[in-house]
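Working notes for the structure below.
Every number in this text was worked out from the coordinates using simple rules, so none of it is lab data. Since the model is a prediction, treat every value here as computed from it, not as a measurement. Methodologically, a virtual Cβ is constructed for each residue, glycine included, from the backbone with ideal geometry; neighbour enumeration extends over all protein chains shown.
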Amino acid sequence: MIRVLLAEDMDLIRGAIVALLGLESDLTVVAEVASGKAAVTAALEQRPDVAVLDVHMPGEMDGLAAAGVLAERLPECRVVILTSVGRPETLRKALSSEVSGFMLKDAPPAQLAEAIRRVAAGERVLDPELAAQAIMGRPNPLSAREIEVLRLAADGVEPAVIASTLFLSKGTVRNYLGAIVTKLDARNRLDAVRIATEAGWL
């Protein structure tokens with residue numbers, strides 16, 4: 001019997017997945033939680049064979065962060081990441097967190113069950129089209145700080161407020177924004193936001 005932990009913050013989706021996995025004779029859901037932090041706690045208690053984690057969850061720990069912690073603290077537990085939006089950059093981050101599977105939420109239920117079986121057997125299961133995009137796609141040229149600045153700019157925050165929020169000078173923020181526009185070969189700040197959002201870097 002393959003023991004499965006499921007972390008998904010939307011109750012309806014979590015309940016549906018648990019019900020569908022319950023129809024499989026060789027799978028049993030040993031824990032269902034709604035956050036990355038709860039996923040880590042439950043995994044350390046229940047020691048599942050496979051953890052199925054939603055990539056975006058509330059709180060300080062999302063699915064990718066939880067996967068990273070599990071890779072360190074419970075390496076025998078394989079991780080499958082579920083996402084509603086497949087972006088090459090998200091897949092690259094998932095692979096760096098040592099996940100074994102990466103699937104879109106709109107995949108047929110039988111595909112998820114089969115992915116769990118294959119991952120439990122030591123295989124890696126990735127959406128093939130997304131994997132190709134991740135390999136051939138452009139890597140993120142922005143630093144972590146540049147992403148912070150651009151994320152605030154994308155929310156309409158003025159440079160002076162960005163400066164005070166991130167404890168930077170106004171000139172430094174202007175320099176960051178200029179560098180971002182240059183790195184992304186964008187026409188202006190709004191175009192930089194569009195490019196980074198479409199690439200999944202924000």
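Where does the charge balance sit around Gly59 when Lys and Arg score +1, Asp and Glu -1, over other residues with C-beta under 15 Å from its C-beta? Local charge sum for Gly59: -4. Which of the following values of mean projected area of the Cα convex hull in nm² was calculated from the structure shown: (i) 12.0; (ii) 15.1; (iii) 14.3? Read-out taken from this structure: (i). A crude spin-label estimate for the pair Asp26 and Arg145, with each label 7 Å from Cα along the Cβ direction, gives 5.2 nm. When the chain is described by a simple charge dipole with +1 on each Lys and Arg Cβ and -1 on each Asp and Glu Cβ, the residue from Ala153, Ala71, Ala34 located farthest towards its positive end is Ala153.
The length gained on full extension between His56 and Ala154, counted as 0.36 nm times the residue separation minus their Cα-Cα distance, comes to 33.4 nm.
Where only DSSP H runs of four or more residues are counted, the chain gives -16000 deg cm²/dmol as its mean residue ellipticity at 222 nm, each run worth -39500 (n - 2.57). Helix 36-46 and the longest principal axis of the Cα set of the chain meet at an angle near 30°. Cβ under 15 Å from Glu45's Cβ, Glu45 left aside: what net charge do those residues give with Lys, Arg +1 and Asp, Glu -1? Neighbourhood net charge equals +1.
Dividing the mean sequence gap of close Cα pairs (under 8 Å, 6+ apart) by how many residues the chain holds gives a relative contact order of 15 percent.
Over what distance in Å are the Cα centres of region 36-80 and region 154-202 separated? Centre-to-centre (Cα) distance: 32 Å. Mind pulling the angle between the C-alpha long axis of helix 11-22 and the longest principal axis of the chain? Nearest 10 degrees, somewhere in 0 to 90. With rounding to tens, the tilt is 30 degrees. Computed from the Cβ-Cβ distance with R0 of 35 Å, the FRET efficiency linking Lys183 to Thr41 stands at 0.35. Sorted fewest first by neighbouring Cβ atoms within 10 angstrom, Phe102, Phe167 come out as Phe167, Phe102. Evaluating 6.51 cos²θ - 1.76 cosθ + 1.60 at θ = phi - 60° for every residue in region 114-127, the Karplus couplings come out as 5, 4, 4, 4, 5, 5, 4, 7, x, 8, 10, 10, 10, 4 Hz, glycine and proline recorded as x. Modelled label positions at Leu95 and Lys170, each set 7 Å beyond Cα in the direction of Cβ, lie 4.4 nm from each other.
For the options Ser143, Ser96, Ser84, a Gaussian network treatment of the chain with springs between C-alpha atoms closer than 10 Å singles out Ser143 as fluctuating the most.
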